[in-house]
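The values are calculated or read from the model by the stated rules, or taken from the named source; none is laboratory data. All figures in this text were calculated on a predicted structure; none of them were measured in a lab. Positions of Cβ are backbone-derived with ideal geometry, glycine not excepted, and every protein chain shown enters the neighbour counts.
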Ligand SMILES: [Zn+2]
């Protein structure tokens, strides 16, 4: 019986694999960026080889592992281990049996789940959600996803797509279109995906910017952060609007789940303390007298390794 966890974080830009202890410490890792253009069977072979190389580096065999936990950035049929579709891997065929394709190379228990569930569970086991019993994790980066942990278990819904909260509609008359085709999704208004359209609106409204991005299409979370540091009028307005929508998202989650804790993670949390505070302010303003007991709203405690540690943590559920 092995003692180590193997985590694989399959992202749209980065693929990482690592050996992780049962306490959530990453012992060994490897990272690749050339996987995105490959067909799905070749990505599986790449992951297999990364895992083998990690084991070899430590002089270990697969018998040292408890299993393999892996994330997939898209819709999954969780029980069957099937990747239905992902906006990150548009070339992949629908209904790809991702779990079994990897598992047949090892004699190990293998679990594949989406990144928000995995990262949320890592926060629950090792991070900001320790001791909460139940919690929600909302990740705000290019898109928005939610990991729902109820009484120690990840809640996945009927097939595995529960927590696709970024596609809840917060502005039905919006002109900002989401990747799903609908208008006014939370993630179109509060995550990286919607930034170009949001910047365009603000420029048309006459807001001033010192940033050198010539076209709104160039707007990213990263250059907005630069703008914040310069106290740029346009960037400040964009960040405030995103924070307000994220606060509406938190409020909606609160009304559905009455959770004791909500943990916020993802790349846009780099926008800093003022952004986080504004999200909370919006939440508390909306919740008002309907908040009967204290709720813990905190930032992710795991940080950069969240994907990898989350993937590994799936084996501990
Ligand atoms: Zn959508």
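If you check every pair at least six apart or on different chains, which have Cβ atoms under 7 Å apart with a residue in the range 248-261 that is at pLDDT below 95 first and a residue that is in a helix (DSSP H, G or I) second? Filtered contacts from the range 248-261: no entries. The residue of the range 250-278 that is surrounded by the most Cβ atoms within 10 Å (Cβ to Cβ), among those that are part of a helix (DSSP H, G or I) and in contact with a strand residue (DSSP E or B) (Cβ under 7 Å, 6 or more places away or on another chain), is 268.
Filtered by the rule that a residue be under 16 Å from residue 73 (Cβ atoms) and part of a loop (DSSP other than H, G, I, E, B), the range 110-154 gives 141, 142, 143. Within the range 176-188, the set of residues being assigned to a loop (DSSP other than H, G, I, E, B) and either modelled with pLDDT of 95 or more or on the phi > 0 side of the Ramachandran plot (or both) comprises 181, 182, 184. Being surrounded by fewer than 18 Cβ atoms within 10 Å (Cβ to Cβ) and under 15 Å from residue 299 (Cα atoms) is the requirement here; does residue 130 meet it? When the stated conditions are applied, residue 130 passes them. Of all residues in the range 279-317, which are assigned to a loop (DSSP other than H, G, I, E, B), buried (at least 16 other Cβ atoms within 10 Å of the Cβ) and under 17 Å from the mean Cα position of the chain (by Cα)? Scanning the range 279-317 gives 300, 302. Of the residues making up the range 159-207, just one is in contact with a helix residue (DSSP H, G or I) (Cβ under 6 Å, 6 or more places away or on another chain), under 19 Å from residue 253 (Cβ atoms) and away from the ligand (no atom under 13 Å from the Cβ), namely 163.
Within the range 141-158, the set of residues being more than 12 Å from the ligand (Cβ to nearest atom), closer than 18 Å to residue 246 by Cα and in contact with a strand residue (DSSP E or B) (Cβ under 7 Å, 6 or more places away or on another chain) comprises 146, 147, 148. Selection of the range 155-166 for residues being surrounded by 17 or more Cβ atoms within 10 Å (Cβ to Cβ) and either part of a helix (DSSP H, G or I) or at positive phi (or both) yields 160, 163, 165, 166. Scoring residue 100 on the criteria (1) surrounded by fewer than 19 Cβ atoms within 10 Å (Cβ to Cβ); (2) within 20 Å of residue 33 (Cβ to Cβ) leaves a single failure, condition (2).
One residue is enough: does the range 116-134 have a residue meeting the conditions touching a strand residue (DSSP E or B) at 6+ places or on another chain (Cβ under 7 Å) and within 15 Å of the ligand (Cβ to nearest atom)? Scanning the range 116-134, I find at least one residue that is touching a strand residue (DSSP E or B) at 6+ places or on another chain (Cβ under 7 Å) and within 15 Å of the ligand (Cβ to nearest atom), so the answer is yes.
Is at least one residue of the range 213-232 closer than 25 Å to residue 302 by Cβ and at pLDDT 95 or above? No, the range 213-232 has no match at all. Just one of the numbered conditions (1) assigned to a loop (DSSP other than H, G, I, E, B); (2) modelled with pLDDT under 95; (3) under 30 Å from residue 150 (Cβ atoms) is not true of residue 91: (3). Consider residue 67 carefully, then state whether it is free of Cβ contacts under 8 Å to residues at least 40 places away in the same chain, more than 29 Å from residue 180 (Cα to Cα) and either touching a strand residue (DSSP E or B) at 6+ places or on another chain (Cβ under 9 Å) or assigned to a loop (DSSP other than H, G, I, E, B) (or both). For residue 67, the condition - free of Cβ contacts under 8 Å to residues at least 40 places away in the same chain, more than 29 Å from residue 180 (Cα to Cα) and either touching a strand residue (DSSP E or B) at 6+ places or on another chain (Cβ under 9 Å) or assigned to a loop (DSSP other than H, G, I, E, B) (or both) - is not met.
Yes/no matrix, rows are residues, columns are (1) out of contact with any helix residue (DSSP H, G or I) (no Cβ under 8 Å at 6 or more places or on another chain); (2) exposed (fewer than 15 other Cβ atoms within 10 Å of the Cβ); (3) within 13 Å of residue 311 (Cβ to Cβ):
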{"site": "36", "(1), (2), (3)": "yes, no, no"}
{"site": "42", "(1), (2), (3)": "yes, yes, no"}
{"site": "46", "(1), (2), (3)": "yes, no, no"}
{"site": "55", "(1), (2), (3)": "no, no, no"}
{"site": "81", "(1), (2), (3)": "no, no, no"}
{"site": "90", "(1), (2), (3)": "yes, yes, no"}
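Residue under question is residue 77, and the condition is that it be over 23 Å from the mean Cα position of the chain (by Cα) and surrounded by fewer than 20 Cβ atoms within 10 Å (Cβ to Cβ); does it hold? When the stated conditions are applied, residue 77 does not pass them. In the set (1) free of Cβ contacts under 8 Å to residues at least 60 places away in the same chain; (2) within 14 Å of residue 4 (Cβ to Cβ); (3) in a loop (DSSP other than H, G, I, E, B), residue 36 fails one condition alone, (2).
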